[in-house]
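All of the numbers you see were taken from the coordinates with simple rules; none came from a lab. Because the structure is a prediction, the values reported are computed rather than measured. Note that each Cβ is placed from the backbone with ideal geometry, even for glycine, and that neighbours are counted across all protein chains shown.
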Ligand SMILES: [Zn+2]
């Protein structure tokens, strides 16, 4: 018996090896793997973010308290990285 486990993608129906390279984790599911392979997940996510509903959803998030807080944290992190880069370049 092969020890190599496989998993079928719910979108492209390809059977791929059960590895972190092919499937992200989803702890809500019994086998702990996402239903879609990473390639399909990326494609579906990109299509959603470019659709009118996806863009509206993103705007709602960015205007929400949590979205504003996350944007602030992201800007602070970038600023800190730039400061560290300046220190190492001198
Ligand atoms: Zn797939």
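What relative contact order, as a whole-number percentage, does the chain give when Cα pairs under 8 Å and 6 or more residues apart are counted? It would help to have the intermediate numbers written out before the result.
On the way: 57 pairs, mean separation 13.2, N = 90.
That works out to 15 percent.
Quick one: angle between helix 38-50 and the longest Cα principal axis of the chain, in degrees between 0 and 90, rounded to 10, please.
The helix 38-50 is inclined about 50 degrees to the chain.
For the stretch 24-69, what class follows from the C-alpha gyration tensor (a ≥ b ≥ c being the square roots of its eigenvalues): rounded when a/c is under 1.5, otherwise prolate if a/b is larger than b/c, else oblate?
On the way: a/c = 3.57, a/b = 1.63, b/c = 2.19.
Oblate, since a/c reaches 1.5 and b/c is not below a/b.
State, as an integer percentage, the relative contact order of the stretch 1-50 based on alpha-carbon contacts under 8 Å between residues 6 or more apart.
Values: 50 pairs, mean separation 14.1, N = 50.
Relative contact order, the stretch 1-50: 28 percent.
What order, most packed first, do the peptides 71-81, 38-48 have when packing is the mean number of other Cβ atoms within 10 Å of each residue? Numbers along the way, then the final one.
Numbers: 71-81: 10.2, 38-48: 13.3.
Per-residue mean Cβ counts within 10 Å order the peptides as 38-48, 71-81.
At a Förster radius of 30 Å, what calculated FRET efficiency corresponds to the Cβ-Cβ distance of residue 83 and residue 59, to the nearest 0.05?
On the way: r = 31 Å, r/R0 = 1.02.
Computed FRET efficiency for residue 83 and residue 59: 0.45.
On a 0 to 90 degree scale, rounded to 10, what angle separates helix 65-89 from the longest Cα axis of the chain?
So the helix axis and the longest Cα principal axis differ by about 70 degrees.
Angle, helix 52-63 long axis vs. longest principal axis of the chain, Cα atoms, 0 to 90°, nearest 10?
40
Among rounded, prolate and oblate, which fits the chain when a ≥ b ≥ c are the square roots of the eigenvalues of its C-alpha gyration tensor, a/c under 1.5 means rounded, and a/b larger than b/c means prolate? Walk me through the intermediate numbers first.
On the way: a/c = 2.86, a/b = 1.58, b/c = 1.81.
Verdict is oblate for the chain.
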